[in-house]
Amino acid sequence: MVVLNKASAPKGKGRDIKGLPYEEYFASGHRACAGCGEALMVRHIVKAAGPNSIAVMSTGCMEVVSTPYPQTAWKIPWIHGAFENNSAIASGIDAALKMQGRREGTNLLVFGGDGASFDIGFGALSGAIERGHKFTYVCTDNEAYMNTGVQRSGATPFLASTTTSPAGKAVHGKQEPKKPLPLIVASHGLRYVATASASNIYDLHAKVKKALATDHTSFIHAYSVCPVGWHSKSDSAITLSKLAVQTRVFPMYEIENGILKFTQKVEREKATPVLEYLKLQGRFKHLSEVEVKQIQEYVDARYEFLLGIEGKKAFDVLY
Ligand SMILES: Cc1ncc(C[n+]2csc(CCOP(=O)(O)OP(=O)(O)O)c2C)c(N)n1
Ligand SMILES: [Mg+2]
């Protein structure tokens, strides 16, 4: 295999002033669309994990753009998983490394899109967590099956238009709310769950390191802007990532040993109205004022629920 753009660490092996390494393990030159937020998240997650890492990745945009044989953007060992079984493959790798006495010092990362994680590969993920396999599962959530043409998934937000939940006269986009995957995963009793986004790259790096240091399955819900599927501008990934946090659409928290703690809290009075977030995305352009209000109420209710369980041992079923 030929690694794309081997010289993708122009500044060498050092670190920036905030301590992030310049070295890249997800090389530039891959085929992601301009402004792809998912590629940005993958790049930083692998950078945080470092060279002693193995990546398992299920079918989806990230795999297609980064591994066009005989080329690869990956500078760490990488293995393809099917849509439904990336966690089963990782379980096997974890068991094999343990058998060989090589588990210490090797990071095992599993990447799945929202289609793979919320829907099709969820059974394998749930089983791996139950068995307690040591790996960090990263769900890069761009809120639809993007690689195959923007079909709705269990992660697509309420009323968003996709090719299989199109906004028309009678029906205004997806009729169901987004599944609360990090909370569903946390309910298994695993020791580290976090949400992360490009709104704060340093926070993302810290969370990846914490996840990888966990002696059990850990989970990161990585908010990933998709300008093509969301009909947003190709320079909007960071703006939307920040707005998602400020509007409380994407809450930023960690759940450690069953206890939820916000890593960035946005009080109701200080929150930006969701309209500011929705209006930058064509997938919401059909919404009426009443529907925007419905989304605002849903976002607030979900955030208040999280505030209500903060600090309490809410996900301790296995302990
Ligand atoms: C069992 C199975 N069903 C369907 C497909 C076709 N397929 C390949 S990638 C993909 C979409 C992936 O969506 P997601 O996991 O959200 O990743 P994204 O492309 O959005 O990053 C689909 C439906 C497949 N490969 N395997
Ligand atoms: Mg997706």
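The values are calculated or read from the model by the stated rules, or taken from the named source; none is laboratory data. Please read all numbers here as calculations on a predicted model, not as lab measurements. Glycine gets a Cβ as well: all are built from the backbone with ideal geometry, and neighbour counts include every protein chain shown.
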Expected single match for aromatic (F, W, Y) and part of a helix (DSSP H, G or I) among Y277, Y253 is Y277
Pairs returned, first residue in region 282-298 that is within 19 Å of H231 (Cα to Cα), second residue that is hydroxyl-bearing (S, T, Y) and part of a loop (DSSP other than H, G, I, E, B), beta-carbon separation under 9 angstrom, 6 or more apart or interchain, are G282/S161; G282/S232; R283/T156; R283/S161; R283/S232; F284/S161; K285/S161; H286/S161
Scanning region 142-152 residue by residue, those out of contact with any Lys or Arg (no Cβ under 9 Å at 6 or more places or on another chain) and buried (at least 24 other Cβ atoms within 10 Å of the Cβ) turn out to be N142, M146
Here the residues within region 241-293 that are surrounded by 17 or more Cβ atoms within 10 Å (Cβ to Cβ), among the charged types (D, E, K, R) and closer than 13 Å to L306 by Cβ are R248, E254
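Taking the conditions exactly as written (away from ligand 2 (no atom under 16 Å from the Cβ), surrounded by fewer than 24 Cβ atoms within 10 Å (Cβ to Cβ), free of Cβ contacts under 8 Å to residues at least 60 places away in the same chain and more than 20 Å from the chain's Cα centre (by Cα)), does K98 satisfy them or not?
Values: away from ligand 2 (no atom under 16 Å from the Cβ): yes; surrounded by fewer than 24 Cβ atoms within 10 Å (Cβ to Cβ): yes; free of Cβ contacts under 8 Å to residues at least 60 places away in the same chain: yes; more than 20 Å from the chain's Cα centre (by Cα): yes.
So K98 fits the description; yes.
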Original post:
Is it the case that some residue within region 210-221 is within 16 Å of ligand 2 (Cβ to nearest atom) and assigned to a strand (DSSP E or B)?
Top reply: yes
Condition set surrounded by 21 or more Cβ atoms within 10 Å (Cβ to Cβ) and touching a His at 6+ places or on another chain (Cβ under 6 Å), scope region 57-93, selection nearest to L212 (Cα to Cα): answer is S91
Condition set part of a strand (DSSP E or B) and either of a type outside the set (A, V, I, L, M, F, W, C) or at pLDDT below 95 (or both), scope region 51-100, selection farthest from E24 (Cα to Cα): answer is G81
